[in-house]
Amino acid sequence: MELFANAKINLTLDILRKREDGYHDLQMVMQSVTLADELTVTPAKGAQGEAVSDLHFLPTGGKNLAQMAAAAFRQAAGTGGEVDVSIRKHIPVCAGLAGGSADAAAVLVAMNELSGAGLSPEELARIGERVGSDVPFCVAGGTALAEGRGERLTPLPPLPPCHIVICKPPFSISTPQLFSRVNVRRIVRRPDTAGMTAALEAGDLAGVARRMYNVFEDVLEPRRLAAIREIEGVLIDCGALGASMSGSGPSVFGVFHSERQAQEAKARLEESWRDVFLCGPR
């Protein structure tokens, strides 16, 4: 079975509190985009399934999120055999775009169909919680308010038609380190989540873009923040209605009305950065 695994961006990301279990309660407006990995899922040739990709450094066995999803599906559904997963990566890794979670979600969808289990998207999302916090959203896709660790989803009206430019600078950011720097009581600037929801309900793209914000930007190391701000500046200079970092970074995205301006921004960014993508909402 061949299918696509779509990346996500965070239109907003807020951290509400630290929980007793060590995790944080989050409130995020998430959006799937047309930037996607290509997956092929087939019955395993050997006794155990493998996950292979065009990136040699990714794990191939049980530590790969795609194979973790396959194992979680078999355990929860009580059906489905071992599968081999072939991944052609287009979503950058360690980028704040949920590439691994998107692959895991796609495997859940594929195994549900291949096995004939007939599980609902909600049931697949609950299985996905065992694999990663972003997997439930990647199963559902679209536009949603994500709460808790990201597993509690409320569908929202779709992002109006637009063009999205994504740029990933050539470094990674440790999510645990970012969380360790966050003092919830000292967060001064927060995204207007209610205003973002209202803008989506009104189909107001400019209103959405004005409200895009990610509290993680306030706890970045200065040298990392400088790169994020540089990319955001190029996007705004080229006509983006708004720009923000996605997830725990380092990918930055801008939202455009005009495809011409989005193309110009992509070309400008490609002068300095390798991983630059033009896509749209999905």
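Any read-out appearing in this document is the output of simple, stated calculations on the displayed coordinates, not a laboratory observation. What you see is a predicted model; the values in this text were computed from it and never measured. Note that we place each Cβ from the backbone using ideal geometry, even for glycine, and neighbour counts take in every protein chain shown.
Below are the figures for this structure:
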{"item": "For segment 85-98, 3J(HN,Hα) per residue [Karplus equation, 6.51 cos²θ - 1.76 cosθ + 1.60, θ = phi - 60°, Hz, x = Gly/Pro]", "result": "10, 10, 10, 9, 7, 10, 7, x, 8, 6, 10, x, 10, 6"}
{"item": "Residue (of Ala69, Leu156, Ser133) at the positive-pole extreme of the chain, dipole from beta-carbon charges", "result": "Ser133"}
{"item": "Residue among Val52, Thr40, His24 farthest towards the positive dipole end of segment 1-109, charges placed on Cβ", "result": "His24"}
{"item": "Over the chain: helical MRE at 222 nm, DSSP H runs n ≥ 4 each giving -39500 (n - 2.57), nearest 500", "result": "-10000 deg cm²/dmol"}
{"item": "Charge dipole (debye, nearest 20) of segment 19-174; +1 at Cβ of Lys and Arg, -1 at Cβ of Asp and Glu", "result": "200 debye"}
{"item": "Largest-first principal axis extents, alpha carbons of segment 163-279, Å", "result": "41, 36, 19"}
{"item": "Only Lys, Arg (+1) and Asp, Glu (-1) charged, at Cβ; segment 143-235 dipole about Cα centre in debye", "result": "380 debye"}
{"item": "Mean separation of Cα contacts under 8 Å, 6 or more apart, over the residue count of segment 2-155: relative contact order %", "result": "28 percent"}
{"item": "Long-range lysine pairs (8 or more apart or interchain), the chain, Cα under 29 Å", "result": "14"}
{"item": "Cleavage-rule hits, trypsin sites (Lys or Arg not before Pro), segment 123-232, DSSP coil, Cβ neighbours within 10 Å at most 13", "result": "Arg189"}
{"item": "Length gained when the stretch Asn183-Glu82 is fully extended (0.36 nm per residue, less Cα-Cα span)", "result": "32.0 nm"}
{"item": "Neighbour-limited loop hits for trypsin sites (Lys or Arg not before Pro), segment 1-82 (at most 15 other Cβ within 10 Å; DSSP other than H, G, I, E, B)", "result": "Arg19, Lys45, Lys63"}
{"item": "Ordering of 64-71, 33-40 by packing [mean C-beta count within 10 Å, highest first]", "result": "64-71, 33-40"}
{"item": "Cα-centred dipole magnitude for the chain, charges only on beta-carbon of K, R (+1) and D, E (-1), debye, nearest 20", "result": "720 debye"}
{"item": "Kyte-Doolittle mean at least 0.0 and Cα axial length at least 18 Å: DSSP H helices in the chain", "result": "99-115, 222-237"}
{"item": "Packing-based exposure ordering (other Cβ within 10 Å, fewest first) of Thr197, Thr154", "result": "Thr154, Thr197"}
{"item": "Computed FRET value (nearest 0.05) for Arg223 with Glu123, which takes r as the C-beta separation and R₀ as 30 Å", "result": "0.10"}
{"item": "Relative contact order computed over segment 163-279 (Cα-Cα under 8 Å; 6+ residues apart), in percent", "result": "41 percent"}
{"item": "Percentage relative contact order, the chain, counting C-alpha pairs under 8 Å, at least six apart", "result": "22 percent"}
{"item": "Proxy reagent accessibility, fewest Cβ within 10 Å first, across Glu259, Glu217, Glu271", "result": "Glu271, Glu259, Glu217"}
{"item": "Extension reserve of the Lys18-Val52 stretch, reckoned as 0.36 nm per residue once the Cα distance is removed", "result": "8.6 nm"}
{"item": "DSSP bridge orientation in the chain - percent antiparallel, rounded to nearest 5", "result": "90 percent"}
{"item": "Ratio of the Cα radius of gyration of the chain to 2.2 N^0.38 Å, where N counts its residues", "result": "0.99"}
